[in-house]
Amino acid sequence: MIWQDGKLLSPGAILPGDRVHQGMRIWDPNHSKVAALCHIHDEPPVTGACILYLGAAAGSTVSFLSDYAEVVYAVEFSPRPVRNLIRVSRTRSNIIPLFEDARYPERYLPFVEPVDLLIQDIAQRDQADIAIRNLIFLKQGGHLILFLKLLSMGTEKKREDWIAEVAGSLENAGITDPEVISLDTYHTGHVAIWGMYSP
């Protein structure tokens with residue numbers, strides 16, 4: 001991935017609203033949890049990868065991923081952001097938008113090839129279960145990154161207990177040694193849980 005002057009950059013076509021540094025798009029960690037993960041911890045294996053992104057919203061992060069990846073399958077269920085996601089996909093032929101509910105991966109099973117990286121960015125109470133249901137797409141040895149929004153999990157447990165519960169669920173589903181990375185520097189109340197799939 002491209003870094004210059006402490007900024008994570010992206011070489012793709014510039015979109016309206018993008019900030020630019022030396023002719024390239026700035027991938028802002030304040031606006032993308034994937035970029036925040038790169039700044040705080042490490043780069044996910046996105047270059048040349050097949051990626052399934054759950055919770056694609058309007059497609060901003062997906063557009064940056066597509067500048068590095070082979071293909072990005074982008075799942076979003078809300079009608080308004082999907083319209084913008086489709087517009088973004090028209091400028092990048094390797095984005096496949098899917099207007100679907102990620103709780104029902106069987107609905108888009110015929111359209112998604114096995115992927116190297118599964119990113120779950122849906123802030124719902126059952127966000128861990130959504131990730132687990134979609135492991136059917138992840139290659140053995142592929143990576144799962146779950147962006148866990150703790151405020152969506154409820155208040156009856158402490159932050160540490162929710163994280164431990166979700167990490168344990170992922171381990172039971174075949175994610176080995178899930179690592180927990182706090183994203184509070186850029187996204188308050190979020191952690192990334194990152195592990196490798198070895199069923």
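The values are calculated or read from the model by the stated rules, or taken from the named source; none is laboratory data. Please read these numbers as outputs of a predicted model, since none were measured by experiment. Cβ atoms come from the backbone with ideal geometry, glycine included; neighbour counts cover every protein chain shown. Areas reflect the complete protein model, heavy atoms only, side chains present, ligands, DNA and RNA absent. Shrake-Rupley method; radii C 1.70, N 1.55, O 1.52, S 1.80 Å.
Counting only the heavy atoms of the protein chains, how much of residue 180 is accessible to a 1.4 Å probe, in Å² to the nearest 10?
70
Hull surface divided by four, with the convex hull built on the Cα atoms of the chain: how many nm²?
Working: hull surface 42.2 nm².
Result: a mean projected hull area of 10.6 nm².
Sequence-distant or interchain residues sharing an amide H contact under 5 Å with residue 142, placed H: which?
For residue 142, whose amide H was placed from the backbone, the distant partners under 5 Å are 197.
Please report the net charge: other residues with Cβ closer than 15 Å to the Cβ of residue 192, K and R +1, D and E -1.
On the way: positive: 33, 149, 159; negative: 42, 43, 121, 177, 179, 184.
Cβ neighbours under 15 Å give a net charge of -3.
Between residue 106 and residue 198, with labels modelled 7 Å along Cα→Cβ, what's the label distance in nm to one decimal, could you check?
Taking the two extended label points, one gets 3.1 nm.
What order do you get for 1-9, 138-146, 159-167 when each peptide is scored by the mean count of other beta carbon atoms within 10 Å, highest first?
Working: 1-9: 14.2, 138-146: 19.2, 159-167: 15.9.
The densest-packed peptide leads the list: 138-146, 159-167, 1-9.
If I take R0 = 25 Å and measure r between the Cβ atoms of residue 155 and residue 176 in this structure, what FRET efficiency does the formula 1/(1 + (r/R0)^6) give, to the nearest 0.05?
0.25
For the chain, what is the calculated [θ] at 222 nm in deg cm²/dmol (nearest 500), taking -39500 (n - 2.57) for each run of four or more DSSP H residues and dividing by its residue count? Could the numbers behind the result be given before it?
Values: 5 runs with 51 residues, N = 199.
Helices in the chain give a 222 nm mean residue ellipticity of -7500 deg cm²/dmol.
Roughly how many percent of the accessible protein surface of the chain is carbon and sulfur, given a 1.4 Å probe and a whole-percent answer? All intermediate terms of the calculation are to be shown ahead of the outcome.
Values: 4610 of 9190 Å².
Roughly 50 percent of what the probe reaches on the chain is carbon or sulfur.
Which of rounded, prolate or oblate describes the range 113-160 when judged by the alpha-carbon gyration tensor and an a/c cut-off of 1.5? It would help to have the intermediate numbers written out before the result.
On the way: a/c = 3.07, a/b = 2.62, b/c = 1.17.
Prolate is the answer for the range 113-160, as a/c is 1.5 or above and a/b outweighs b/c.
Tell me, what ³J(HN,Hα) does each residue in the range 35-50 have, in order and in whole Hz, if you take phi through Karplus 6.51 cos²θ - 1.76 cosθ + 1.60 with θ = phi - 60° and put x for Gly and Pro?
For the range 35-50, the Karplus curve yields 5, 4, 4, 4, 6, 7, 10, 6, 7, x, x, 9, 5, x, 8, 8 Hz.
Probe of 1.4 angstrom, ligands and nucleic acids ignored: what's the accessible area per residue over the chain, in square angstrom? Before the final figure, lay out the partial values.
On the way: 9190 Å² over 199 residues.
The answer is 46 Å² per residue.
Note the angle between two axes, namely the Cα long axis of helix 159-172 and the longest principal axis of the Cα atoms of the chain, as a number of degrees from 0 to 90, rounded to the nearest 10.
Helix 159-172 sits roughly 90 degrees off the main axis of the chain.
May I ask for the distance between the Cα centers of the range 63-100 and the range 173-199, given as a whole number of Å?
For the range 63-100 versus the range 173-199, the Cα centre distance is 23 Å.
In whole Å, what three semi-axes, largest first, describe the equivalent ellipsoid of the range 138-199 built from its Cα gyration tensor (square root of 5 times each eigenvalue)?
Values: eigenvalues 94, 35, 12 Å².
Square roots of five times the eigenvalues give 22, 13, 8 Å.
Starting from the Cα of residue 31, step 7 Å along the direction of its Cβ; do the same at residue 91; then give the gap between the two resulting points in nm.
Computed distance between label sites residue 31 and residue 91 equals 1.1 nm.
At residue 185 and residue 124, where each label point lies 7 Å from the Cα along Cα→Cβ, what is the point-to-point distance in nanometres?
With each label placed 7 Å out from Cα toward Cβ, I get 3.1 nm.
How would you rank 117-130, 10-23, highest first, on the average number of other Cβ atoms within 10 Å across their residues? Intermediate results must be reported in sequence, preceding the final value.
Working: 117-130: 19.7, 10-23: 11.9.
Taking the mean over residues of other Cβ atoms within 10 Å, the ranking is 117-130, 10-23.
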